[in-house]
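Remarks on the structure that follows.
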Amino acid sequence: MQKNDGPLLLRLMGKIGSVMFACLLVAACATGPEPGAREIVRRDIPAFDYPYDNPWIATVLRTPESQLAPRSEAPRRDATLQVFPDREVPEGFWYYRGLNYSYFAQPHPAPMIFMIAGTGADSRSGLMDSLGRILHHAGFHVVLLPSPTHSNFIVTASTTYLPGNGPQDAADLYRVMRMIHGELSRSLEITETHLAGYSLGAWHAAFTAKLDEEEKALNFQRVLLLSPPLSLYHSLVTVEQFLLNNLPGGIDSLDHFLDQAIQRIALVFQNTDAMDFSDEDYALQSLLQTTFGDERLAAAVGLSFRLASANMVFTADVMRRMGYVFPRDLPFRSTTPLGRYLGISLRVSFLDYFDDVFSAYYGGEPGLDLIEQSSLNSIGEYLSRSEKIGMLTSRDDIILGPGDLEQLQALFGERAWIFPQGGHLGSLEHRAVAAHLVNFFIQ
């Protein structure tokens with residue numbers, strides 16, 4: 001078996017027939033900021049003419065090119081941070097030299113925005129790159145961070161190796177942000193600091209904002225949650241049903257469906273052992289090539305979350321030596337054939353992880369307390385009174401359950417912007433939505 005040649009990037013939810021974003025060359029670090037800050041000007045809000053009123057199509061196709069917000073063409077800078085320099089990492093994760101993050105820098109003094117990725121995504125995924133370019137075009141320094149559920153973060157920056165606990169993940173993220181802010185401030189002039197995140201990253205941003213309110217090391221001036229789940233647990237239940245309820249032949253065909261998916265994935269990625277399904281730029285064409293109905297789209301979206309779950313569970317299991325998926329006493333090496341563990345990992349849902357692994361570590365037997373703690377309502381008092389925190393989402397967001405949208409509106413009041421359509425993250429790059437995004441960070 002040949003050595004892994006690094007992590008694969010598999011498109012989980014994205015435009016059908018789209019191609020991967022071209023890799024941007026890593027630019028040299030700036031030698032120093034140019035004098036004189038450029039004023040960041042509020043934008044006029046264009047009409048919201050988003051074309052897809054079907055939330056499944058919106059989630060998969062996202063925003064048509066003709067309606068995309070203006071974006072920067074500047075080179076994205078990809079960097080590595082040594083969070084725990086003395087940590088022993090299994091040789092099988094040889095391609096993780098540290099925490100991978102990305103940033104866009106202004107040549108003059110500017111505010112900095114930290115952006116946290118959604119479930120299983122890293123800093124170089126398509127949506128992260130796009131949001132970074134939108135904000136950089138507006139005049140901000142932008143730092144893009146992987147999700148705490150991404151394998152790179154678990155291996156290099158997580159304290160427990162078990163993502164999903166809001167306060168614990170926030171502490172890990174906050175440590176990383178402080179280190180990056182310290183490094184970049186040597187070459188960039190940062191006038192103030194903001195925070196944002198999308199999907200699960202928005203959920204993480206809420207807990208991180210509360211931690212910053214207590215520690216005041218970064219003093220976030222504005223915090224924006226983009227399409228957050230109200231309850232992580234309840235959204236995971238909802239997403240799991242996308243797959244289970246929309247399989248051809250029902251739940252009894254799950255094994256057959258997953259076997260087919262594994263075979264198709266293996267055909268595409270047969271020359272590598274790395275198991276990393278984290279990018280949002282590569283279409284699952286093999287799963288959507290015959291029909292384009294809601295059931296097939298829902299099953300594909302559900303499978304995309306299973307891929308993220310497989311990646312997360314496998315990594316956590318190896319790092320903690322739990323023996324849940326990967327044998328506890330077997331060394332994880334670059335020559336380990338991962339194909340045999342892909343099928344096992346794909347059969348483990350986020351809910352399995354929550355019940356079997358997460359709950360055992362954080363709260364013994366699965367119970368209501370942990371479920372309640374996974375909701376933004378657990379920090380609802382803080383979110384309700386903090387004028388610096390806003391929320392933006394779509395009325396038809398597919399990860400929200402009955403009553404979730406109303407509870408989010410109650411939490412944020414006038415600081416909530418609800419767009420009529422867009423599914424989950426589908427309209428986020430639309431020029432009208434992006435204008436709201438940019439304007440929120442302008443005092």
Test each condition in (1) among the β-branched types (Val, Ile, Thr); (2) in the same structural domain as LEU61 (by TED's automatic domain parsing); (3) farther than 15 Å from TRP203 by Cβ; (4) crowded, with 19+ Cβ neighbours inside 10 Å for VAL357 and report the one that comes out false.
-> (2)
Quick check, is SER384 assigned by TED's automatic domain parsing to the domain that holds PRO163, surrounded by 22 or more Cβ atoms within 10 Å (Cβ to Cβ), under 29 Å from LEU226 (Cβ atoms) and of a type in the set (S, T, N, Q)?
-> no
Within segment 159-170, residues being free of Cβ contacts under 8 Å to residues at least 40 places away in the same chain and either surrounded by 24 or more Cβ atoms within 10 Å (Cβ to Cβ) or of a type in the set (Asp, Glu) (or both) number 1
Pick from ASN219, ASN246, ASN271: which is over 30 Å from HIS181 (Cα atoms), over 17 Å from the mean Cα position of the chain (by Cα), modelled with pLDDT of 65 or more and outside any helix (DSSP H, G or I)?
-> ASN246
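One line per residue, one yes/no per condition, for (1) of a type in the set (Val, Ile, Thr); (2) in contact with a helix residue (DSSP H, G or I) (Cβ under 6 Å, 6 or more places away or on another chain); (3) crowded, with 18+ Cβ neighbours inside 10 Å; (4) not assigned by TED's automatic domain parsing to the domain that holds GLY164:
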{"residue": "GLU295", "(1), (2), (3), (4)": "no, no, no, yes"}
{"residue": "ALA310", "(1), (2), (3), (4)": "no, yes, yes, yes"}
{"residue": "THR315", "(1), (2), (3), (4)": "yes, yes, yes, yes"}
{"residue": "ARG328", "(1), (2), (3), (4)": "no, no, no, yes"}
{"residue": "THR336", "(1), (2), (3), (4)": "yes, yes, yes, yes"}
{"residue": "GLY339", "(1), (2), (3), (4)": "no, no, no, yes"}
{"residue": "VAL348", "(1), (2), (3), (4)": "yes, yes, yes, yes"}
Filter result for SER286 (at pLDDT below 85, of a type in the set (Ser, Thr, Tyr) and in contact with a Gly (Cβ under 7 Å, 6 or more places away or on another chain)) = no
Those residues that are out of contact with any helix residue (DSSP H, G or I) (no Cβ under 8 Å at 6 or more places or on another chain) and of a type in the set (Ser, Thr, Tyr), I need them from segment 195-234; list them, please.
-> SER199
Name every residue in segment 303-342 that is in contact (Cβ under 8 Å) with a residue 40 or more places away in the chain and more than 23 Å from the chain's Cα centre (by Cα), in order of residue number.
-> PRO331, PHE332, ARG333, SER334, THR335, THR336, PRO337, LEU338, GLY339, TYR341
If a residue has to be over 23 Å from TRP56 (Cα atoms), out of contact with any strand residue (DSSP E or B) (no Cβ under 6 Å at 6 or more places or on another chain) and either surrounded by 15 or more Cβ atoms within 10 Å (Cβ to Cβ) or not small (Gly, Ala, Ser) (or both) to count, how many in segment 408-422 make the cut?
-> 2
Exception for ILE262 within (1) of a type in the set (A, V, I, L, M, F, W, C); (2) more than 30 Å from THR160 (Cα to Cα); (3) surrounded by fewer than 21 Cβ atoms within 10 Å (Cβ to Cβ); (4) at pLDDT 55 or above falls at (2)
Which condition breaks for ASP78 when tested against (1) at pLDDT below 95; (2) surrounded by fewer than 24 Cβ atoms within 10 Å (Cβ to Cβ)?
-> (1)
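The values are calculated or read from the model by the stated rules, or taken from the named source; none is laboratory data. Fair warning: this is a prediction, and the values are worked out from it, not measured in the lab. A quick note on method: Cβ atoms are made from the backbone with ideal geometry, for glycine too, and the neighbour counts reach across all protein chains shown.
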